[in-house]
Amino acid sequence: MSEPRTNRTSTLTPPSGTHVPADGTAAGTADRTAAGTAAGAAAEPATGPAAPPQPSTAHDGLLARLGIPHALRWGFLGVLVFMTGDGIESNFIAPHIAGVLGSGGTDSAAMIIGIYGVAVLVASYFAGVLSDLWGPRRVMTIGAVLWVVFQVAFLAALPTASVGLIALTYFLRGLGFPLFAFSFLCWINHTVARERNATAVGWFYVVFTGGLPTLGSVIAIGSIPAFGGGSLGETWSMALSLVFVVVGWAIVRFGVHESTGLGRIAPRSHSAARVIASGIEVCIKRPKVLLAVLIRLVNTAPEFGMFVIMPAIIGTELGWGQSKWLTMTVIVYAGNILFNAFFGALGDRIGWIRTVKWFGIGASAIGLLAWWYVPHLVPAGSEWGFWLATAAGTVFGIMLAGFTPMGAIVPAFAGEERRGAAMAMYATAAGGATFLGNAVVSAVLPWGGPGGVVWTFVALYVLAFVVLSLLKVPEGAEAAGH
């Protein structure tokens, strides 16, 4: 995955062909060189005065002040719509598969979702390295095609009740969303200025979490009963997700024309094998990158683990029903959406590591415990108890956003020459959280129960806190305010 720009907030290409930052300051030789590399051509040194500043619209200025690269504005919307489609199933897929498979279906469903997590892990890594090799936009298209084709195949496999066929098609569909979403994260990191990096990553997670699971769950609340309720309503809701995915891809494909993401980003002198292996190489040569990646892996693992265990707890065991569980999910992660950009900006101001350590790790652990214990302490099925349990969950959702600066911390440990490889590993960790969350559930649930799963996630947070306390962002890579 490519490194972020170090001296501009968005890439604009005036008629002269010279890249100029959004604030009107002409780019230097190094910036033009990086831009030329991304386009796949050798850059030429500056031979004369810089091109005169290009006027920017008030809208450009507003987006820049918010931390959103104006040239990528439609891409953020496209990711939101795409991930909404991907998120429609997020809070009913485990019980749906279990119901389709019948007796013993719960264990088989957990296994299928665990295999899906492996696909997400693998595709997240390749989202980074293939974006360097082919350009983010092409990789996003590949991801969208894989998602659509194998979603259709998955829906066709469900009526057969074949564990093998369902697992295979769901695994292959799992390759789709990481290639789409995390390739766009690569595009962002190549376009945004480093001192605003955490803010831009925050906006990425606003739209990512805004779709999966938040707006996806909102759609499911209405679509399931509209399509007849029960298993039939869930099946047609998953079919509806195809529309959102295609529209999201189209918004990016036809709405974003920023030149960096249209072709190869890695230097032409690097072989394909070298680019593909670069993420592993950087973890070996820069061990702090590996430690930061592992911390990011822990970040949202509880989110995906709770998707597996909580539907049955909230909807069935505690008597609030599926609709209430979906409503709870929407509210919990709406809080996360509102605070992703905030914690990104806070990290740029008070320090990336300080923000992650105290808000992302410490407060998230407290919020996770509250989300687990409060629903069990209030009267089951009661209205006021539901809202109190939802408020407890929202604390977790909000504080989860405190991990946002990890998108700036991971490449900071890599050094200038390896920043792209580090971002590939960051994307791997972001997608790998799905795998880790499901793996913890599969490993702990049979002997420790749901409570044991929650405490395992808390233990992982404690470990991440200790490891992060031993790390310090390199002096030269620190953002303003460090």
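The values are calculated or read from the model by the stated rules, or taken from the named source; none is laboratory data. Treat the numbers as computed from the prediction; the structure is a model and nothing was measured. Note that we place each Cβ from the backbone using ideal geometry, even for glycine, and neighbour counts take in every protein chain shown. Surface accessibility is based on the protein's heavy atoms, side chains included, excluding ligands, DNA and RNA. Shrake-Rupley method; radii C 1.70, N 1.55, O 1.52, S 1.80 Å.
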The chain accessible area per residue, 1.4 Å probe, protein heavy atoms, integer Å², reads 37
Over the chain, the sum of -39500 (n - 2.57) across DSSP H runs of at least four, divided by residue number and rounded to 500 deg cm²/dmol, gives at 222 nm -23000 deg cm²/dmol
Other residues with Cβ under 12 Å from the Cβ of Ile224 give, with Lys and Arg +1 and Asp and Glu -1, a net charge of -2
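Over the range 339-403, what is the relative contact order in whole percent, taking alpha-carbon pairs under 8 Å and six or more residues apart?
Contact order relative to length: 48 percent.
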Here the range 144-153 yields Karplus 3J(HN,Hα) values (6.51, -1.76, 1.60; θ = phi - 60°; whole Hz; Gly and Pro given as x) of 5, 5, 4, 4, 5, 4, 8, 5, 4, 5
So, relative contact order of the chain in percent, Cα under 8 Å, 6 or more apart, is 23
Among [x] 73, 52, 38; [y] 146, 45, 41; [z] 73, 45, 44, the value of Cα extents along the principal axes in Å computed for this structure carries the label [z]
Going residue by residue through the range 403-415, the Karplus relation 6.51 cos²θ - 1.76 cosθ + 1.60 with θ = phi - 60° gives ³J(HN,Hα) values, rounded to whole Hz and with x marking Gly or Pro, of 7, 3, x, 4, x, 9, 5, 4, x, 5, 7, 8, x
Loop-resident trypsin sites (Lys or Arg not before Pro) in the range 254-307 with no more than 12 other Cβ atoms inside 10 Å, DSSP not H/G/I/E/B, are Arg268
With all protein chains present, the chain has a carbon and sulfur share of its accessible area (1.4 Å probe) in percent of 70
Once the in-chain neighbours fewer than 8 apart are removed, the lysines whose Cα is under 20 Å from Lys357 read Lys288, Lys472
Note on the range 337-482: contact order normalised by length, alpha-carbon pairs under 8 Å, 6 or more apart, percent, works out to 35
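Within a Cβ distance under 13 Å of Ile113, other residues only, what is the Lys/Arg minus Asp/Glu net charge?
Details: positive: Arg173; negative: Glu89, Asp107.
So the surrounding residues net to -1.
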If amide H atoms are modeled at 1.01 Å from N in the peptide plane, then the residues at a separation of 5 or more from Ala193, or on another chain, having amide H under 5 Å from its own are Arg8, Thr9
